[in-house]
């Protein structure tokens, strides 16, 4: 739902892949249908919905599970990528569902505006990221869905619905909608004034420093990420992204809670080239070219990989990290790197951070599906005492009953989905199993 290549040109409201079946970005998943629609207008979206009994929205194909899969039909949003002029009175922008953050951010920055935060990759689509509560990092930064102030979607009967934060209480259930309410066509985002960011990396932070200084470490910048392979007593890398004031001189401290300042650009996986990574070494740059870890012009992240990510309350961060550390030997043959980030609380019903400041422990794993399937329950068991929730678009094995019990607004979300999609047109096996 949430990076990939554009599907073949739209023709008569549908395209069919005749040879090679469509896969997600990582290549670990082949979609269950070759019936892919590629509309350019909202009117085409309405027509497609009316003449299909079942279908799912498809964005930049960066999900690692079957949340965006369908056995019947897929409707790509990639051509719904228009950007409306910035509303300078309200400081908002309305965009088509398929626009990628990398493209939107340059447009906004040229006009003096910014979005509050970005994910590791700028290649993902706005609507897909919001629908799955995708996030960046920062103790005061909510996930990427939190700046949404209005959204437009087409319901199961082809009706266009607009919900706004100001006027519709059910808005908070629709933003992280998991594709279950309809096909999102437009999103309105609240904007900030453009700002500059400088990025520094520190190496080999003693993990014991988290015991007494976790909050200070994660609050040391606008956005902070910890990277570890769990194989040493250290956190391998600390990435600190700070707001840059061009009028004030800045020199990064050579030492940070026992970690040492990197003297060259590095990749989160230290053995890999940093060519694809955004500029470090404290060099100021525009927000959109520092908040992500990877540049728009390069292949996202590591390429062939699997990803899983788990959220726990921030108050339990250190204990949760220590619990995962006990799996170092089980992780060793499968893990590329783990990233630990903070996300502020929000009021979005199906967000893993609903009314709960959280941390996310992210695992970039080798493409060994059987090995990963065996590993994930061990991670989930270690994190279960903390009420762990998975990222909706990544791999997990948490049983539905346990997962559902951790969402206080689940019943309200089901009612909302039933209101706009009473026959379950937009539900697939993943949604039926994990939500309904």
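The values are calculated or read from the model by the stated rules, or taken from the named source; none is laboratory data. As the structure is a computational prediction, the values presented were derived from the model and not from experiment. Using ideal geometry, Cβ is built from the backbone for each residue, glycine included, and neighbour counts are taken over all protein chains shown.
Before moving on, here are some points about what is shown:
- Cβ-Cβ distances below 8 Å connect the following pairs, each with a first residue in segment 407-430 that is at positive phi and surrounded by 13 or more Cβ atoms within 10 Å (Cβ to Cβ), a second residue that is outside any loop (DSSP other than H, G, I, E, B) and modelled with pLDDT of 95 or more, and a separation of six or more residues or different chains: 424/432.
- Filter result (in a strand (DSSP E or B) and within 20 Å of the chain's Cα centre (by Cα)) within segment 94-118: 94, 95, 96, 100, 114
- Listed by position, the strands (runs of 3 or more DSSP E) enclosed by segment 227-326 that each have at least 3 residues that are at pLDDT 95 or above, crowded, with 19+ Cβ neighbours inside 10 Å and touching a helix residue (DSSP H, G or I) at 6+ places or on another chain (Cβ under 6 Å) are 306-313.
- The single residue among 433, 406, 341, 414 that is within 21 Å of residue 67 (Cα to Cα) and either within 21 Å of the chain's Cα centre (by Cα) or not in a helix (DSSP H, G or I) (or both) turns out to be 406.
- Each residue in segment 6-61 was checked for being modelled with pLDDT of 80 or more, over 21 Å from residue 428 (Cβ atoms) and assigned to a loop (DSSP other than H, G, I, E, B), and 2 of them qualify.
- Figure legend. Inter-residue proximity from segment 11-37: first residues buried (at least 18 other Cβ atoms within 10 Å of the Cβ), second residues modelled with pLDDT under 65 and assigned to a strand (DSSP E or B), beta-carbon distance below 8 Å, spacing 6+ or different chains. Indicated pairs: 35/16; 36/15; 36/16; 37/15.
- When each of 138, 158, 182, 142 is tested for being modelled with pLDDT of 95 or more, surrounded by 24 or more Cβ atoms within 10 Å (Cβ to Cβ) and farther than 17 Å from residue 100 by Cα, the lone residue that passes is 182.
- Qualifying residue in segment 211-218 (condition: in a loop (DSSP other than H, G, I, E, B) and either surrounded by 15 or more Cβ atoms within 10 Å (Cβ to Cβ) or touching a helix residue (DSSP H, G or I) at 6+ places or on another chain (Cβ under 6 Å) (or both)): no
- The number of residues in segment 164-176 that are in contact with a strand residue (DSSP E or B) (Cβ under 7 Å, 6 or more places away or on another chain) and surrounded by 24 or more Cβ atoms within 10 Å (Cβ to Cβ) comes to 2.
- Subset of segment 56-67 [within 17 Å of residue 21 (Cβ to Cβ), crowded, with 24+ Cβ neighbours inside 10 Å and over 14 Å from the mean Cα position of the chain (by Cα)]: 56, 58
- Long-range neighbours under 8 Å by Cβ, at least six apart or interchain, first residue at positive phi within segment 58-73, second at pLDDT 95 or above and part of a loop (DSSP other than H, G, I, E, B): 61/68
- Residue check for residue 93: touching a strand residue (DSSP E or B) at 6+ places or on another chain (Cβ under 9 Å), modelled with pLDDT of 95 or more and buried (at least 21 other Cβ atoms within 10 Å of the Cβ): yes
- Among the numbered conditions (1) in contact with a strand residue (DSSP E or B) (Cβ under 9 Å, 6 or more places away or on another chain); (2) under 22 Å from residue 119 (Cβ atoms); (3) at pLDDT 95 or above; (4) part of a loop (DSSP other than H, G, I, E, B), the only one that residue 66 does not meet is (1).
- Of the residues in segment 370-378, not one is in a loop (DSSP other than H, G, I, E, B) and either exposed (fewer than 15 other Cβ atoms within 10 Å of the Cβ) or in contact with a helix residue (DSSP H, G or I) (Cβ under 8 Å, 6 or more places away or on another chain) (or both).
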